[in-house]
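Let me begin by presenting the structure, written as structure tokens, before commenting on it.
The values are calculated or read from the model by the stated rules, or taken from the named source; none is laboratory data. Predicted, not measured: the structure shown is a model, and the values here were computed from it. Methodologically, a virtual Cβ is constructed for each residue, glycine included, from the backbone with ideal geometry; neighbour enumeration extends over all protein chains shown. Note: areas computed on protein heavy atoms with side chains; ligands, DNA, RNA excluded. Shrake-Rupley method; radii C 1.70, N 1.55, O 1.52, S 1.80 Å.
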Amino acid sequence: MENFEPEIVAFCCHYCAYTAADMAGSKRISYPSNVKIIRVPCTGKVDAIHLMKALEKGADGVYVAGCLAGDCHFKNGNLRAQARVDRVKKILTELGWEPERVAMVNMSAGMGEKFAETAREFTETIKKLGPSPGKLTGNESKAAS
Amino acid sequence: MQKNNSSENALSPDRRVLVIGGGVGGIRAALDLAESRRDVLLIDKSYAIGGLMTQLDRTFPTNNCDLCTVSPYLSQGARERHLEIKPMTSLTKLEGEAGAFSATLVTEPRYIDTDKCTACGECAKQFPEAVRVTPGLDPRAPTCMRYPQATPFAFSIDMANVTDIAALKKVCRADAILADDTRSETVMDVASVVLCVGADLFDPAVLDNYGGGKFDNVVTGLEYERIMSASGPFQGNLVRKSDGRRPKKVAWIQCVGSRGINKGDVPYCSGVCCMYALKEAMVTRERFGDDIDTTIFFMDMRTYGKDYELYFNRARDEYKIRMIRSRPHSIVETADTKNLSITYALEDKPVQETEEFDMVVLSTGFRVGEDTKNLAGVLGIDRNPYDFAATHPFNPVLTSKPGVYVCGVIESPKDIPETMVQASAAAAMAVTDLPVVPKDREMDDIFPLERDVRGQDPKIGVFVCDCGFEIGGVLDVDKLLAAAKIHPDVAVARAVGYGCSSESMANIEAMIKENNLNRVVIGGCSPRTHETKFQDLLQRVGLNKYLVEIVNLRDQNTWTHMNTPDRAQNKAVKLLNVGISGVRKNRPLVDHTLPMSQNALVVGGGVTGMTAALKLADQGVKTYIVERAPALGGLARSIRKTIEGEDVGVFVQGLVEKVAAHDNIQVLTRSIIVDHSGMPGLFKTGIQTGVRMNYMQIDHGVTVLATGAMANRPAQYGLGTFPDVMTQLEMDSLLEDDAARIQAMEQVVMIQCVGSREPENPNCSRICCQAAMKNALRIKEISPDTQIYVLYRDMRTYGFQEEYYRKARDLGVKFIRFSLEMRPKVVETDNMLAVHTHDFILDSDIEIAADCVVLSTGLIADDETTEDLGLMFHLPRTIDNYFLEDHVKLRPVDMAQRGFFLAGTAHSPKTIRESITQAQAAAGRAQTLLAKKEINLGACVAKVDPDKCASCLVCVRACPFDVPFINAEGVSQIDADKCHGCGVCAGDCPAKAIQLLAYEDDQILAKLDGLFER
Amino acid sequence: MITAEQKPIQEIIQYIAPYGRILLVGCNECVTVCAAGGRKEVGLLASALHLNSLKQGKTIDIKEITLERQCDPEYVEELAPYIDGADAVVSMACGCGVQSVAARYKTSPVFPAVNTRFMGASLGQGVWAERCKGCGDCVLGITGGICPVARCSKHLLNGPCGGTSNGQCEIGPETDCAWRLIWERLKELGMEDRYEDLMNAKDWRPGGAAGPGKIIREDLAQ
């Protein structure tokens, strides 16, 4: 577990979080390479199923990164995303999985530092939780299939 | 791709703008004009356009590679239909007047047919002496082109060095050698001229004290850039010229040849050297080892641009760059080691120090070259005392000759962002010599018919940029490609160097065609900046532009994980798998378009807003100015005189009258914006206006934000407590209204950086040093015997403002430095003010009695306004609450949200002159958008599958823009031209009947599959 | 519309524990609209079941399919090609759908994944309320369009009970007293006199008291 390197998926909205991630790059701010970004136009596009599927396919943690409250380019997509993240947390709790494996974070386009900080914090959380319950029983290959 | 030497007749013969100088400024001006559907001829005396910027390794403040940032603009240049580029061409005669000039142009022979040349490099290989080479340290540059993304993409022969023309012709397989090419002269009608020739860099060889050009390891800032550059003489390896070894200790000496009065010096400040030295030092430590000792010797650290102070803080605090406030007298070379010793004095130590360095960089600044002086003569424009173009006091792009405009360094020393702003401003001014409404012209590129790839198995091409060291320096690109090739449907996997260079783009195009690829993955920069470029590439080879995936290997990988290359490699493989897996599911899509509103909304009725509005209105654009205050004028109303001595009140009044009289402008004072909707090109904004706050709604296609900033008034140094403590603004009024009071003052103390460059307002307010100089000189004029003390941290009288600083010193104004740790104190005893401060040179505390203390309080962002409008318009802000432009370097007036433009002090603190320039630039950029007449909505829209729809109304209720409705067939309908493409409906639909095109569920799931593939 | 909500996942997990191959069937009618068993919920439940089996180190094979309407035999027939490949069927339709599937595929165990709650109406995004009991003898014409059978907790037909307080039902302040609503509505309509009309004791037979209801339309039935 010491050397556990979690796989983390971050669904980032084009206008804020993805731009913030680029900004972190241009400022050469480092964050854990465990985080892999999938770009969406708005976090309102991120379906609860996408979060579940990410876990199913092998992610140890998934988070959705959208604009700050009230700042969504599309008015309220980030609030919708938050609601879906909450729903998935509920499902995970029912299944006996740690709900902390999914999260919603918010930031603005200029917040390169915040992006890196969030990535570090979330990675740390997942490292503490350990590998996804789906991987513990030695059927990791199944998780990826 | 359209060739750049299109026939003369393709452009209308008159009504064209001549842009002289193909650096970034000239390219920007030319592109702005071309995008506004004005015909442009861009000439440059060099054989490729690009200017100085293409020789730089990286540029501040983003520290990214210039080639990557400028190349999209360059190849855009080759594409624009209204733009003709003539390299190796100069102007020899200009006759006539604004609107109807006749220009005589002379083009030197290139001896190469650019249409035929494929830049294969065979001629360069076999006759290296005959091809023109990269300037810089080493004449044996890897390529004879100035940089890999050269435009035009062709060689140039130096016929003087050709001995056997027949042999040369023989090596050229393309038969492109034109042995009998000759100098040609063209006479052309032009309406106006934009001069953007930049300036030369000072050659320190004329100085005998620094060993420039004499000592191997003393280089200029530009030479250092070339050494670090991946396309430079050492392929991006930082080594000493004397022994090819990596230096361990590098020093920069600032102001070499600038801010001086000695032989070879110029008195002005070159404006950019502090920032470039910081950048070079940071990049040195970042790329070549944080064990390299980097030291900057400086007089004043002039980081006055937007967020530049933060950059300086980062350099000092995070990168641990040593800053020594001293101007060393000379450099001595040690004979055997070729090391360099510098003797310098420290401010707080009575003795001199001597220290040895491996390498010394001389931060040299700008000089106007002889060619440019001659050109000024040809154009008939006046020069200022330093040979730069003399310009209008309130309009820096106007020269002394009507119809001739100027931008960039030839106007005054400046950096890339300011050059870009001024270039757009000059382009906007040049348009005023053309007829108002251009005829509608077909503008779209004609791409070949799209191949139908539906039903075909994916045949994927994976192309990875090494981007010089940006990607290739961290990742093993070959290994990455090997990993990509494992996928059976990846038909081609290649490294493409700088993927965005013309050469690589042509290669990729060829490989797509040869292998009949139907899907493409590019591993390189962020799709945010480079997607369009590669989408265009696909269209050129007849593929739908949505069949490409851009994998962000640089911004989100090598840049952030540069210190852990193994992890970066691992992540790169995964990211590439995401791209490959994703692209399989990409489908050809069609973009939607809508006609655009031709009105403009200008928010803010200060000098900036009024200038922008007038510029737009003059071009026939119906313009609304919304101003919160009861009258127009803004902050400028409280300023009386500029540093040049111009009367601001008269100027502002003139603007107000022009605005009021303009048929195309509607002024709404006492008005606030209360709601906003729509999309770029079709905005609707609700305004409450007048004393009765009546509601009205405006349709507009573009929005210019000119909301300004506020005069700062922090309760520091007794401001608001002691009656004789005032701000520079108040002193400005006093100087105009109460000369007697000034004359009665024996001693005046000015304190700089009040409320700026401090944790709560971290940036420099930029305007205060010049404001202090302006007022000090005026006090001296009214009352020569008044003693003036200026307590400062760094004097930032950039550019030609330095002259006022020198004049103040000549008149006996005393300058005493202070630091944040030892800041001055203002005390009052017996109704008499005194300022206590520490004098570093005397190394003791001193007390100065003062009749008056003047605080340079600068500007702060109008937090409330930018927050409200930021929320309403969805616009990002900086950490200090100014609006944040789309790209600090290349798009300084465009906002990330299309259709929004930014000008004046809402962007960052600046002078009236600078605000006016940015206002013109914003108006010009807005026109480029309006000229398109229709808006491209893209293809990312929601699509309903009527067979799956359960008519449940979830989408109807969820859509933030009320677009979906249940149609006559009883199923949801989402009109593509109304859909904003957020995908909320798709995420909520319980029947999974809605897909967001380009982000369909199977595409997202495929990306996840790619990520977890093993 | 029939309104349902998903069962606790653990209950579903218990049902299918012995089986490795599951046919998970959604319905594109009522349960889609009430977000309990449409295509999306099928996907989410499938994913949840996968996560569960992953944790237990087992594998589970889930075939997802959503029928246009699970209570019509023709649509149910569409499951035929898949039924043999499944050890069990989980239906996300209302009870009618579950039974239709069970009736057609007699050898396959069929388990419900939702609890059918009531016949309801939508009060806005994500909110549904009970509006009809299917009593078989509609009285809405004399109660101002508000059903006392469905909306009075005691199904009273002649005015409120003594438990009404401040216009709310005694079972909880979040429930309106149906008879208060009826009275207000009748007043609005100027039909207060209707309130005085006595309703006879209700005949519950058409609503199920006489055994399962069945409707046969002679003109349509074959």
Checked pairs for segment A:92-119, first within 18 Å of A:Gly134 (Cβ to Cβ), second among the hydroxyl-bearing types (Ser, Thr, Tyr) and surrounded by fewer than 20 Cβ atoms within 10 Å (Cβ to Cβ), C-beta under 7 Å and 6 or more apart or across chains, list as A:Pro99/A:Thr93; A:Glu100/A:Thr125
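Yes or no, residue by residue, for (1) modelled with pLDDT of 95 or more; (2) assigned by TED's automatic domain parsing to the domain that holds B:Pro762; (3) more than 22 Å from B:Thr611 (Cβ to Cβ):
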| site | (1), (2), (3) |
| --- | --- |
| B:Cys852 | yes, yes, yes |
| B:Met872 | no, no, yes |
| B:Pro876 | no, no, yes |
| B:Ile879 | no, no, yes |
| B:Asp886 | no, no, no |
| B:Leu890 | no, no, yes |
| B:Asp894 | no, no, no |
| B:Phe900 | yes, no, no |
Residues that are within 28 Å of the chain's Cα centre (by Cα), over 15 Å from B:Ser363 (Cβ atoms) and either assigned to a helix (DSSP H, G or I) or at pLDDT 95 or above (or both): does segment B:239-259 have at least one?
no
Tell me, which residue of segment C:164-186 that is within 22 Å of C:Asp197 (Cβ to Cβ) and of a type in the set (Val, Ile, Thr) is nearest to the chain's Cα centre (by Cα)?
C:Ile182
Among the numbered criteria (1) free of Cβ contacts under 8 Å to residues at least 24 places away in the same chain; (2) farther than 28 Å from C:Gln14 by Cα, which one does C:Val110 miss?
(2)
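Would you mind finding the one in A:Leu68, A:Leu79, A:Leu51 that is of a type in the set (A, V, I, L, M, F, W, C), within 16 Å of B:Ala958 (Cβ to Cβ) and either surrounded by 22 or more Cβ atoms within 10 Å (Cβ to Cβ) or facing chain B (nearest Cβ under 10 Å) (or both)? I'd like the intermediate steps shown before the answer.
Numbers: A:Leu68 fails: within 16 Å of B:Ala958 (Cβ to Cβ); A:Leu51 fails: within 16 Å of B:Ala958 (Cβ to Cβ).
Answer to the check: A:Leu79.
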Filter segment B:328-365 for residues that are in contact with a Pro (Cβ under 9 Å, 6 or more places away or on another chain) and more than 18 Å from B:Gly213 (Cβ to Cβ); the one that is least open to solvent (accessible area, probe 1.4 Å) is B:Tyr344
Could you tell me whether segment B:660-670 includes any residue that is touching a residue at least 24 places away in the same chain (Cβ under 8 Å), farther than 18 Å from B:Thr689 by Cβ and of a type in the set (Ser, Thr, Tyr)?
no
Among (1) within 13 Å of chain A (Cβ to nearest Cβ); (2) more than 17 Å from C:Gly126 (Cβ to Cβ); (3) assigned to a loop (DSSP other than H, G, I, E, B), B:Cys949 falls short only on (1)
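I'd like the full set of residues that are open to solvent by 10 Å² or more (accessible area, probe 1.4 Å) and either touching a helix residue (DSSP H, G or I) at 6+ places or on another chain (Cβ under 7 Å) or within 30 Å of B:Ser412 (Cα to Cα) (or both), limited to segment B:240-259.
Quick first cut of segment B:240-259, residues open to solvent by 10 Å² or more (accessible area, probe 1.4 Å) only: B:240-246, B:248-249, B:255, B:259.
Of everything in segment B:240-259, those that are open to solvent by 10 Å² or more (accessible area, probe 1.4 Å) and either touching a helix residue (DSSP H, G or I) at 6+ places or on another chain (Cβ under 7 Å) or within 30 Å of B:Ser412 (Cα to Cα) (or both) turn out to be B:Arg246, B:Cys255, B:Arg259.
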Which residue pairs have Cβ atoms closer than 8 Å, lie 6 or more positions apart in sequence or on different chains, and pair a first residue in segment B:816-834 that is open to solvent by 80 Å² or more (accessible area, probe 1.4 Å) with a second residue that is in a loop (DSSP other than H, G, I, E, B)?
B:Lys825/B:Tyr717
Output yes when any residue across segment B:964-980 is within 9 Å of chain A (Cβ to nearest Cβ) and either more than 41 Å from the chain's Cα centre (by Cα) or open to solvent by 10 Å² or more (accessible area, probe 1.4 Å) (or both), and no when none is.
yes
Matching residues in segment C:6-44 (within 18 Å of A:Thr93 (Cα to Cα) and more than 9 Å from chain A (Cβ to nearest Cβ)) number 6
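Test B:Ser677 against the stated conditions and say whether it is out of contact with any His (no Cβ under 6 Å at 6 or more places or on another chain), among the hydroxyl-bearing types (Ser, Thr, Tyr) and touching a residue at least 24 places away in the same chain (Cβ under 8 Å).
Values: out of contact with any His (no Cβ under 6 Å at 6 or more places or on another chain): yes; among the hydroxyl-bearing types (Ser, Thr, Tyr): yes; touching a residue at least 24 places away in the same chain (Cβ under 8 Å): yes.
When the stated conditions are applied, B:Ser677 passes them.
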Can you tell me which residue among B:Cys955, B:Cys985 is within 10 Å of chain A (Cβ to nearest Cβ) and open to solvent by less than 20 Å² (accessible area, probe 1.4 Å)?
B:Cys985
Would you confirm whether any residue within segment B:970-982 is of a type in the set (A, V, I, L, M) and not in a loop (DSSP other than H, G, I, E, B)?
no
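Just name the residue that is farthest from the chain's Cα centre (by Cα) out of those in segment A:21-41 that are farther than 15 Å from A:Val62 by Cβ and more than 7 Å from chain B (Cβ to nearest Cβ).
Of segment A:21-41, the ones farther than 15 Å from A:Val62 by Cβ are A:21-31, A:33, A:41.
Pick out the ones that are also more than 7 Å from chain B (Cβ to nearest Cβ) and you get A:23, A:27.
Working: A:Met23: 18, A:Lys27: 22 Å.
The selected residue is A:Lys27.
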In segment B:477-528, how many residues are of a type in the set (Asp, Glu) and open to solvent by less than 40 Å² (accessible area, probe 1.4 Å)?
2
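Which residue, of B:Met282, B:Met323, is touching a Phe, Trp or Tyr at 6+ places or on another chain (Cβ under 6 Å) and either open to solvent by 40 Å² or more (accessible area, probe 1.4 Å) or of a type outside the set (Gly, Ala, Ser) (or both)? Quick ask: steps written out before the conclusion?
Numbers: B:Met323 fails: touching a Phe, Trp or Tyr at 6+ places or on another chain (Cβ under 6 Å).
The conditions single out B:Met282.
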Tally time: how many residues in segment B:865-921 are more than 11 Å from chain A (Cβ to nearest Cβ), part of a helix (DSSP H, G or I) and aliphatic (A, V, I, L, M)?
6
Do the conditions hold for B:Ala740, that is, is it free of Cβ contacts under 8 Å to residues at least 40 places away in the same chain, open to solvent by less than 30 Å² (accessible area, probe 1.4 Å) and not in a loop (DSSP other than H, G, I, E, B)?
no
Return the pairs, sorted by first residue and then second, in which the second residue is among the acidic types (Asp, Glu) and surrounded by 14 or more Cβ atoms within 10 Å (Cβ to Cβ), the first residue lies in segment C:140-167 and is farther than 23 Å from C:Ala121 by Cα, the beta carbons are less than 6 Å apart, and the residues are 6+ apart or on different chains.
C:Gly163/C:Glu170
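Can you name the residue in segment C:106-161 that is among the hydroxyl-bearing types (Ser, Thr, Tyr) and open to solvent by less than 60 Å² (accessible area, probe 1.4 Å) and is also farthest from C:Val31 (Cα to Cα) among such residues? Working first, answer last.
Initial filter on segment C:106-161 (among the hydroxyl-bearing types (Ser, Thr, Tyr)): C:107-108, C:116, C:122, C:143, C:153.
Cutting the leftovers down to open to solvent by less than 60 Å² (accessible area, probe 1.4 Å) gives us C:108, C:122, C:143, C:153.
Working: C:Ser108: 22, C:Ser122: 12, C:Thr143: 29, C:Ser153: 25 Å.
Among those that are among the hydroxyl-bearing types (Ser, Thr, Tyr) and open to solvent by less than 60 Å² (accessible area, probe 1.4 Å), it is C:Thr143.
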